[in-house]
Structure formats: C-alpha cells, structure tokens
1. Between 0 and 90 degrees, rounded to the nearest ten: what's the tilt of helix 5-18 against the longest Cα principal axis of the chain?
2. For the chain, which cysteines have no second Cys with its Cβ under 4.7 Å from theirs?
3. Hey, what angle do you get for helix 51-69 against the long axis of the chain, alpha-carbon based, 0 to 90 degrees rounded to 10?
4. Say we join alpha carbon atoms closer than 10 Å with springs in a Gaussian network model of the chain; which of D74, D100, D88 then has the biggest fluctuation?
5. As I understand it, the value is the acute angle between the Cα axis of helix 112-129 and the longest principal axis of the Cα atoms of the chain; what does it come to in degrees, rounded to 10?
6. Given a Förster distance of 45 Å, report the FRET efficiency between Q40 and R179 from their Cβ-Cβ distance, rounded to the nearest 0.05.
Amino acid sequence: MQFAHDTELALVEAAALVNTVNGSEDQLTDRAALERYLSQHPYSGQRLGTQEELDGVRALRPQLRSVWEAPDRDTAASIVNQILATTDARPYLTRHDQYDWHLHVTEPDAPLSQRIAAEAAMAFLDLIRMDALGRLKICDATDCNDVLVDLSKNQSKRFCATGNCANRMHVAAYRARRRDSHQA
Ligand SMILES: [Zn+2]
Ligand SMILES: [Zn+2]
C-alpha cells in the first residue's frame with residue numbers, strides 16, 4: 001500500500017462529504033440529514049446536533065473541494081495550510097474503540113467541522129508531500145462533477161464511485177460507436 005490507511009480513509013471520507021452537494025442537489029440540508037450521513041460515515045468525538053454544527057460541516061465542503069480543483073501543488077499547499085489554521089490542530093496519539101494507537105490532530109470536543117477538516121487536511125498534506133495530488137480527480141463523466149480519490153495501482157480510475165457514471169459513459173460510448181458503424 002502506498003499511503004497510510006488513515007490517509008486513504010480520510011481522503012475517501014473527504015470525497016464523500018464533498019459529494020453530498022452536487023449542483024442544486026444537496027444531501028445535507030438539515031440536522032437529520034447530517035445525522036443520517038454520520039451514521040454511514042462515523043467520526044469519533046463529540047456531537048452537538050446543533051444548527052451551528054450543521055452549518056460548519058456544510059461550509060467545509062467548498063473548502064475541501066478547492067483542494068481537488070487546485071491548479072497546482074503550490075496552490076493546494078496553501079489551501080491545506082489555511083484549512084489547518086482554522087482547526088487549532090495539535091497532534092497526539094490516541095487509542096479508542098477498536099482502533100490501536102493512531103494520530104488525532106484535534107481534541108474530541110472540538111467542533112465536528114474542525115475535526116473533519118483537520119483529518120482531511122492531514123491526508124491532503126500527505127499527498128502533497130509525496131507529490132501525489134494526481135490521486136485527487138474529478139469524475140470524467142460529462143454530466144457529473146463529483147470528486148474521487150484514485151487509490152488504484154495504475155491510477156487509472158476516471159469515474160466517481162457514487163453515481164453510475166462508469167456504466168453510463170460506457171453505454172453512451174457503445175451507442176456512439178454503433179451509430180458510427182451504421183452510418184458507415
Ligand atoms: Zn481515532
Ligand atoms: Zn460521476
């Protein structure tokens with residue numbers, strides 16, 4: 001494996017969070033929606049269930065997306081530094097639930113959005129350090145803007161995992177080929 005397990009997990013979670021908003025479609029519109037999201041994407045630490053908590057997580061999405069959209073490594077690095085600066089990150093080792101000693105960078109009672117932001121930022125900085133930002137991709141489907149993390153060995157992933165994009169695009173390509181052969 002090329003990246004630490006923590007890093008891979010945090011990247012995948014960051015992508016999932018970014019993908020909760022897609023144009024006008026937003027999956028995190030209210031506190032109940034955040035609750036549902038967190039039951040599938042659990043984070044350890046304190047939950048408040050407040051509007052403020054929801055607003056914080058929602059506001060984080062464009063920030064995280066900007067790392068995917070950064071035109072170069074220097075820009076990405078400065079975005080990640082900005083994110084880290086908002087989180088009051090202080091690294092320490094911890095052991096909880098079924099997880100052996102691992103790194104946390106925020107206290108369990110820090111605001112949820114800060115904890116998510118710090119985890120994502122630590123993973124991003126790993127990528128930047130290893131000059132592997134190419135792993136952060138935006139779905140290649142013409143009608144999809146979702147982000148993805150390509151952890152495949154040959155870095156060949158083109159489509160997001162959330163939608164049905166790979167299938168949809170293959171079918172479209174197949175139909176286009178058929179049309180061409182009929183015209184010939
Ligand atoms: Zn932990
Ligand atoms: Zn897609």
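Values quoted throughout were computed directly from the atomic coordinates according to the rules given, and no laboratory measurement underlies them. None of these values were measured; they are calculated from a predicted model. When we count neighbours, we look across all protein chains shown, and the Cβ atoms used for this are built from the backbone with ideal geometry, even at glycine.
1. 70 degrees
2. C165
3. Roughly 50 degrees, rounded to the nearest 10.
4. Among D74, D100, D88, the largest mean-square fluctuation in the Gaussian network model of the chain belongs to D100.
5. Between helix and principal axis, roughly 60 degrees.
6. Numbers: r = 40 Å, r/R0 = 0.89.
The pair Q40/R179 has a calculated efficiency of 0.65.
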